[in-house]
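What follows is one structure encoded as structure tokens, with my remarks underneath.
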Amino acid sequence: MINVIVAFPKIENGKSIKNILIKSGFQVGSVCVTGAQVLQNADMLGDGIVVCGYRLQDMIYTELHEYLPPHFQMLMVASPNLCEEREIEDVMCLSMPLKVHELVSTMEMMVYAMERQRKKRKAVPKERSQEEKQLIQQAKELLMIRNNMTEEEAHRYMQKTSMDSGTGLTDTAQMILSMLS
């Protein structure tokens, strides 16, 4: 589920948007009136969508966008002329007066895009540190000596053990070294 932060200078407007989003099945974490509150909540969440107005009590949307963590998207609700003149391309904009179905469909589209990005980030394998690589290599060498395996067989054995036990390859290598050393 994608986290949503609603931010408008008037708390009543923020609560109205929050209610619409919750009724439509979105998870709204907080309603804020300042950019500082948004940034504090965003830092705790890691990723999500900020639904905001053009101007908050302490900053405008461009400043807020600049300080948001990298995996946050922004949906601005503003007057038609402000939407046309927006300075940042990757900020989505809905013009006032706000139509509920437009808000919901735009949010659904943004959530879908974020979930796809999240899956892509997870699909990229993490780069192992030099220490981890050495640990895995030592475990393979120990298996090759003790069990008379080729390097490929030792690696496959470690991968299978890792998958069967639900641990990472580095943890499996540590386990092998502690058991066989």
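All of the numbers you see were taken from the coordinates with simple rules; none came from a lab. Note that this is a predicted model, so its numbers are computed, not measured. Note that we place each Cβ from the backbone using ideal geometry, even for glycine, and neighbour counts take in every protein chain shown.
Laid out as a table, the results:
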read-out	value
Shape category assigned to segment 1-46 from the gyration tensor of Cα positions, a/c cut at 1.5	oblate
Distance in nm between pseudo-label sites at SER95 and LYS15 (7 Å out along the Cβ direction from Cα)	3.1
Long-range HN-HN contacts of VAL50 with modeled amide H, under 5 Å	ILE5, GLN73, MET74, LEU75
Helical contribution to [θ] at 222 nm, DSSP H n ≥ 4, -39,500 (n - 2.57), averaged over the chain, rounded to 500	-18500 deg cm²/dmol
Flagged links, alpha-carbon separation over 23 Å, of LYS99/LYS120; LYS126/LYS160; LYS122/LYS160; LYS133/LYS160	LYS99/LYS120
Inter-probe distance in nm under a simple model that places probes 7 Å from Cα toward Cβ, at ASP58 and SER181	5.0
Partnerless cysteines, meaning none of the other Cys C-beta atoms lie under 4.7 Å away, in the chain	CYS32, CYS52
Positive minus negative residues near LEU94 (Lys, Arg vs Asp, Glu; Cβ under 14 Å)	-1
Rh by Kirkwood over Cα pairs, then Stokes-Einstein D for segment 3-123 at 0.692 mPa s and 37 °C, µm²/s	230
Full-stretch length increase - LEU45, ILE145 - with 0.36 nm per residue and alpha-carbon distance subtracted	31.3 nm
Residue-wise HN-Hα coupling along segment 93-102, computed from phi with Karplus coefficients 6.51, -1.76, 1.60 (Hz; x: Gly, Pro)	9, 10, 8, 7, x, 6, 9, 4, 5, 5
Within-14-Å neighbourhood charge of ASN41 [Cβ basis; K, R +1; D, E -1]	-1
Estimated vicinal HN-Hα couplings, Hz - segment 12-25 in sequence order (Karplus 6.51, -1.76, 1.60; Gly, Pro = x)	4, 5, x, 5, 5, 5, 4, 4, 4, 5, 5, 4, 8, x
